[in-house]
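Heads up, the thing below is written out as structure tokens.
The values are calculated or read from the model by the stated rules, or taken from the named source; none is laboratory data. Computed from a predicted structure; not experimentally measured. Here the Cβ positions follow ideal geometry from the backbone for every residue, glycine too, while neighbour counts run over all protein chains shown.
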Amino acid sequence: MAESQKTAADEPCLQIGEVADRTGVTQRTLRFYEERGLLKAPSRMDGGFRLYSENDVARVEQIKRLQNLLGLTLAEIKDMVEAEEVREELNATYRPDRSPEERLERIAKRIEVTKRQHTIISTKLTAMIEMREDLEEKLKHYDEVVEGLKKEQAASSGG
């Protein structure tokens, strides 16, 4: 394992080409994700080369999963990823000694970001269910056509 890969997950250590190779996206795509706010601006080496962390690699993998699995737009992916970050930050800053009012505010924020994610997924799921139902209707119609043609064929062959 290279020395650069032994660092903490949030410590920048990978150059853009290494991240592109590991994640299967192009360097241009990584820069695009950065421009769109899907990836935070990476650290830079003295020569201006981008440096990414293991957390950045994990985020790229999450973006790819959301695109491939759910067909989400980049704006929807940004909302999904940002909601995860809000929850992670709330987890990292949890303190049981906070007042009930503060804890209620924090839970309200969790609910808000989770509802946003739920709405995105529900919208996609509804569209997919509608598409599936449409395809099922077409298949049912084709089955009826096949049955009718088989009956017609049997009647014309004398049997």
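The residues of segment 46-74 that are out of contact with any helix residue (DSSP H, G or I) (no Cβ under 8 Å at 6 or more places or on another chain) and without any contact (Cβ under 8 Å) to a residue 24 or more places away in the chain, listed by number, are 46, 47, 48, 65, 68, 69, 73. In segment 31-87, the residue that is farthest from residue 17 (Cα to Cα) out of those that are of a type in the set (Val, Ile, Thr) and over 11 Å from the mean Cα position of the chain (by Cα) is 86.
Test residue 77 against the stated conditions and say whether it is outside the structural domain of residue 128 (by TED's automatic domain parsing) and of a type outside the set (Phe, Trp, Tyr). Here the answer is no, as residue 77 does not meet what is asked.
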